[in-house]
Amino acid sequence: MKKVLTIAGSDSSGGAGIQADLKTFSAHGVFGMSVITAVTAQNTQGVFAVQDISREVIAKQIEAIFDDIEVDGVKIGMVSQVETIEVIAEELRNYSPQVIVLDPVMVSKSGYHLLNPEAEATLIKELLPLALVVTPNIPEAEVMTNKSIQNLMQMEEAAKEIHQMGAKNVLLKGGHLEEDPIDVLYDGGEFSYFSTARVATKNTHGTGCTLSSAITANLSLGYSLNEAISLAKEYITIAIQNSLSIGKGVGPTHHFYTLYKKAGLIE
């Protein structure tokens with residue numbers, strides 16, 4: 001069994017963060033492990049408090065895993081402090097995992113900036129060059145490039161610019177476009193496009209975490225990057241189509257819908 005690590009924050013409501021990552025790993029048949037960077041008081045209506053984990057404890061978590069278990073893939077999610085980003089980069093440079101997927105969690109769905117400018121700059125400098133692929137959405141790409149993105153051409157230009165910052169591959173997600181969403185992958189030479197119809201639901205809590213985790217799982221299983229993204233897009237689309245109306249706000253996706261259906265637990 002492939003072993004996949006998520007380095008991210010904890011979502012107490014279970015829809016995003018390491019909880020979504022671990023569910024996604026399990027749904028893909030890989031063994032999930034976690035390094036918690038922050039504990040959030042969070043639900044379907046928003047984030048109400050964040051307690052960052054110390055640099056020392058983050059380092060010890062990473063070392064405890066890599067010194068004992070072979071890691072086939074790493075997904076990096078919420079890393080909110082400069083010190084957090086620096087220690088993660090330091091540890092990953094030391095252990096050199098082959099598959100690193102960076103989900104640059106910078107802006108919440110409500111538009112709240114989760115990183116201060118110094119942390120944003122540190123993430124770009126320290127983590128971007130380590131990642132096999134980085135998966136910003138449009139608001140995050142706007143932060144990274146300091147440019148407005150409203151159409152496919154601007155997405156392509158932003159992907160090129162982020163690639164020039166050190167990313168090996170850039171998957172710029174188009175869910176915030178007004179028209180049907182299209183994701184753009186740029187590998188430094190050519191573009192690939194991934195398009196799915198927009199699902200009419202408000203329940204999209206944790207979709208970014210889930211997509212990047214699915215890509216990581218697929219890469220660890222030996223799929224090419226394009227195959228890993230295509231399969232992950234199929235997985236997240238089904239999870240959104242069968243999302244759960246849990247809570248008073250933006251509900252979570254259904255990470256296990258396909259497995260439950262095969263098992264006869266749902267019709």
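Values quoted throughout were computed directly from the atomic coordinates according to the rules given, and no laboratory measurement underlies them. As the structure is a computational prediction, the values presented were derived from the model and not from experiment. Cβ atoms come from the backbone with ideal geometry, glycine included; neighbour counts cover every protein chain shown.
Among the DSSP beta bridges whose two residues both lie in the chain, what percent are antiparallel, rounded to the nearest 5?
45 percent
What fraction of the Cα pairs in the range 3-255, stated in percent, has a spacing above 23 angstrom?
Tail fraction, whole percent: 45.
Out of every Cα-Cα pair in the range 214-253, what percent are more than 12 Å apart?
The answer is 59 percent, as a whole percent.
Spin-label point model (7 Å from Cα, Cβ direction): what's the Tyr193 to Glu157 distance in nm?
Placing both labels 7 Å along Cα→Cβ, they lie 1.8 nm apart.
For the range 115-173, what is the largest minus smallest coordinate of the Cα atoms on each principal axis, given in angstrom and ordered from greatest to least?
29, 24, 16
Distance cut-off 24 Å, Cα to Cα: go down the list Lys23/Lys75; Lys125/Lys147; Lys75/Lys147; Lys3/Lys23 and report the pairs above it.
Pairs exceeding the cut-off: Lys75/Lys147.
Within the range 31-71, find all residues whose amide N lies under 13 Å from a label point positioned 7 Å from the Cα of Met1 along Cα-to-beta-carbon.
It comes to 31-33, nothing else.
Taking amide hydrogens as modeled 1.01 Å from N in the peptide plane, which residues meet the under 5 Å criterion relative to Asn137, leaving out close sequence neighbours?
Excluding prolines and chain starts, which carry no amide H, the hits are Lys173.
For Thr37, list long-range residues whose amide hydrogen, built 1.01 Å from N in the peptide plane, is under 5 Å from its own amide hydrogen.
The answer is Ala8, Gly9, Ser10.
So if each residue of separation counts as 0.36 nm, and I subtract the Cα-Cα distance between Glu118 and Gln98, what length gain in nm does that give?
Roughly 4.5 nm would be gained on extension.
What per residue convex hull volume, in Å³, comes out for the range 84-155 when only alpha-carbon positions are used?
Considering the Cα atoms of the range 84-155, their hull volume per residue is 94 Å³.
Two decimals is fine: what's Rg over Rh for the range 186-267, C-alpha atoms, Kirkwood radius as Rh?
1.02
P(r) of the range 106-220 in 10 Å steps, Cα pairs, percent per bin?
13, 47, 35, 5
Students often forget the sequence filter, so: which aspartates and glutamates lie under 12 Å Cα-Cα from Lys202 once same-chain residues fewer than 8 apart are removed?
Straight-line reach from Lys202, under 12 Å: no aspartates and glutamates qualify.
Projected onto the charge dipole of the chain (+1 at Lys/Arg Cβ, -1 at Asp/Glu Cβ, origin at the Cα centre), which of Ser12, Ser192, Ser220 gives the Cα projection farthest towards the positive end?
The one lying farthest along the dipole's positive direction is Ser12.
Give the cross-link partners of Lys160 among the aspartates and glutamates, using a straight C-alpha distance below 15 Å as the criterion and excluding same-chain residues fewer than 8 apart.
Straight-line reach from Lys160, under 15 Å: Glu140, Glu142, Asp183, Asp187, Glu190.
Give the dimensionless ratio obtained when the Cα radius of gyration of the range 2-42 is divided by 2.2 N^0.38 Å.
1.09
Which loop-located trypsin sites (Lys or Arg not before Pro) does the range 231-262 contain, where loop means any DSSP state but H, G, I, E or B and the Cβ has at most 16 other Cβ atoms within 10 Å?
For trypsin sites (Lys or Arg not before Pro) across the range 231-262 that sit outside H, G, I, E and B with at most 16 neighbouring Cβ atoms in 10 Å, the list reads Lys248.
Using alpha carbon centroids, what distance separates the range 127-164 and the range 1-21, in Å?
24 Å
Excluding residues on the same chain fewer than 8 positions from Lys60, give the aspartates and glutamates whose Cα lies under 13 Å from its Cα.
Once the sequence-local aspartates and glutamates are set aside, what remains near Lys60 is Asp68, Glu90, Glu91.
May I ask which residue of His28, Met78, Pro129 lies farthest towards the positive end of the charge dipole of the chain, with charges of +1 (Lys, Arg) and -1 (Asp, Glu) on Cβ and the Cα centre as origin?
Value computed over the given set: His28.
Roughly how far apart, in whole Å, are the Cα centres of the range 189-260 and the range 34-69?
Computed from Cα coordinates, the inter-centre distance equals 23 Å.
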